[in-house]
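J.: Dropping a structure here in structure tokens format, bear with me for questions.
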Amino acid sequence: MLSVYEGFFSGGARIAHSDVVLGLVEGGQRHRVLSLHGEVYREATRQRMEDDACHRALTSAGVVVSALDRVHGVSADFSGPDLAETARAMAQADVILSLKEQPLALLNQAGLPRRPVVVCLHRSDPENQGQALDSLKAAIADGTVAACVCCAESTRAAYRTAGIPAELLHVVPNGVDLLRFRPDAVRRLAFRAELGVAAAAPVVVFAARYDGMKNVPLFLDAAREWLRREPEGHVVMCGTGMTETNPALTADILAAGLAPDRDRLRLLGVRRDMETVYAGADVVALTSSWGEAAPLCLIEGMMCGAVPVTTDVGDSAAIVAGRGFVTAPDATEIAAAWSEAAAGRAALAPALEASRERFSRTRMVAAYAELVEGCVRGTVGRRSQPEPY
């Protein structure tokens, strides 16, 4: 099998897909990854493939990872060497997995080996994906797309509305490693000690890249309201671009009037130990305005015992139903929900614990394996029906 990535940069889709690849390898499948770019500049951060946690995890498991010699952000045709390397990689595969629809610009090039392509979709806004939606439709018209895997029902609905045939759309909900993401009292105390936060102090974590869809200004407005109502509270922001060196984020913080509270607003950037961050938190927050499908931060946070509070975007409301809170995009309402979530964490713990099997990585990988094997046999039929969250 061959997976094609646009690039290695921080984000839930790449984390989930790389976890699927690792799971398929553990199950005995042979896998290779080809990236269109070896380095990208996004979220005010230069991100090299070799520095990425997903890249390290894949290569440590014996997965061969290579990249084309392309400059991210520069519009140019694929070169002869690009196409030759792609053709060699495709010739060795029975099935191609495209991480989102962006790599189809490469896979649609004439003269490449014909292999069934499974497109893995991780957003709920195909209309905001530029020319990628056109590339997906072209690949379907050409007959190379055997299936589209949607990580959420909202993804399936959005792409069906955008004109993708319903019979191609299969839903496989995101899952996480339950051995890694779990409540852990030792990690909780260690994380709080690292930040100098009291054991009983309420902590809200926001795990996201710095991007317009995440609505960082709304999050910061809510943080201002919450910190002023919770004098012992702390807010933690982590992800690509969530650092002091990002001038846009610094401007957002000043615009939100958070200067007086900067000692309780922590910018941690990219963390490699999110299981520790979530275990140390009381609330995992999401304030996105669009684009989300099945946000990994909500699932990972819940599995570590943090109560989710989210705006109603993608499948977020279904994911947190009975386990957390859904709010309007209003800073005051969000701040009040954070307080309620932190105060009710112990009461919600049984519901979070009871939901663990629904969000299992094992279930996700098994569903991918079944679909991929069906593509090899040519027996992929009507779209799968996901189990409810």
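J.: Would you please give the residues with an amide H less than 5 Å from that of Arg271, counting only those at least 5 places away or on a separate chain, with H modeled from the backbone geometry?
T.: Those lying under 5 Å, H to H, from Arg271 are Gly239.
J.: Once phi is turned into θ = phi - 60°, what whole-Hz ³J(HN,Hα) does the Karplus curve with 6.51, -1.76 and 1.60 give for every residue of region 326-341, x standing for Gly and Pro?
T.: So the Karplus estimates, Gly and Pro as x, are 10, 10, 6, x, 10, 4, 5, 5, 5, 4, 5, 5, 4, 4, 5, 5 Hz.
J.: Classify region 117-163 as rounded, prolate or oblate from the Cα gyration tensor: take a ≥ b ≥ c as the square roots of its eigenvalues, call it rounded if a/c is under 1.5, otherwise prolate when a/b beats b/c and oblate if not.
T.: On the way: a/c = 1.91, a/b = 1.28, b/c = 1.49.
Since a/c reaches 1.5 but b/c is at least a/b, the shape of region 117-163 is classed as oblate.
J.: Counting other Cβ atoms within 10 Å, keep those with at most 16, restrict to DSSP loop, and tell me which trypsin sites (Lys or Arg not before Pro) in region 6-44 are left. Intermediate results must be reported in sequence, preceding the final value.
T.: Numbers: sites: Arg14, Arg30, Arg32, Arg42; in loops: Arg30.
The qualifying sites are Arg30.
J.: So what's the angle, to the nearest 10 degrees on a 0 to 90 scale, between helix 361-377 and the longest Cα principal axis of the chain?
T.: 10
J.: Amide H of Val326 versus every other amide H placed in the peptide plane: which residues, excluding those fewer than 5 positions away on the same chain, fall under 5 Å?
T.: Residues meeting the criterion, in which the H sits 1.01 Å from N, are Thr310.
J.: Shape call for region 1-122 from the C-alpha gyration tensor, a ≥ b ≥ c root eigenvalues: rounded (a/c under 1.5), prolate (a/b greater than b/c) or oblate?
T.: Values: a/c = 1.58, a/b = 1.01, b/c = 1.57.
Oblate shape, in that a/c is at least 1.5 and b/c is the bigger or equal ratio.
J.: Would you compute, from DSSP H runs of 4+ residues alone, the mean residue ellipticity of the chain at 222 nm, taking -39500 (n - 2.57) per run and dividing by the full residue count, rounded to the nearest 500? Kindly include the intermediate steps, with their values, before the conclusion.
T.: Values: 15 runs with 152 residues, N = 389.
It comes out at -11500 deg cm²/dmol, rounded to the nearest 500.
J.: Show me 262-272, 49-59 ranked by packing, highest mean number of other Cβ atoms within 10 Å first. Write down the numbers at each step before the final one.
T.: On the way: 262-272: 15.8, 49-59: 17.6.
Packing proxy ranking, top to bottom: 49-59, 262-272.
J.: Let me ask you something else. So for region 185-358, taking the charge dipole from beta-carbon charges (+1 Lys/Arg, -1 Asp/Glu), which of Ala279, Pro295, Pro350 sits furthest toward the positive end?
T.: Ranked along the dipole, the leading option is Ala279.
J.: Calculate how steeply helix 185-195 sits against the longest principal axis of the alpha-carbon atoms of the chain, using the helix alpha-carbon long axis, and give the answer as 0 to 90 degrees to the nearest 10.
T.: With both axes taken from Cα atoms, the answer is about 70 degrees.
J.: Short version: ³J(HN,Hα) in whole Hz for each residue of region 285-292, in order, from phi by Karplus 6.51 cos²θ - 1.76 cosθ + 1.60 (θ = phi - 60°), x for Gly and Pro, what are they?
T.: Running phi through 6.51 cos²θ - 1.76 cosθ + 1.60 with θ = phi - 60° gives 10, 9, 10, 4, 9, 7, x, 5 Hz.
J.: What is the set of long-range amide H partners of Ser3 at a cut-off below 5 Å, with H atoms built 1.01 Å from backbone N?
T.: Those qualifying (amide H under 5 Å, at least 5 residues apart or on another chain) are Arg32, Val33, Leu34, Leu97.
J.: Residue by residue, what Karplus-based ³J(HN,Hα) values in Hz, rounded to whole numbers, does region 252-263 have, using 6.51, -1.76 and 1.60 with θ = phi - 60° and x for Gly and Pro?
T.: 4, 5, 5, 5, 7, x, 9, 3, x, 10, 4, 6
A short reminder: the numbers here are calculations on the coordinates, not readings from a lab. Predicted, not measured: the structure shown is a model, and the values here were computed from it. Note that each Cβ is placed from the backbone with ideal geometry, even for glycine, and that neighbours are counted across all protein chains shown.
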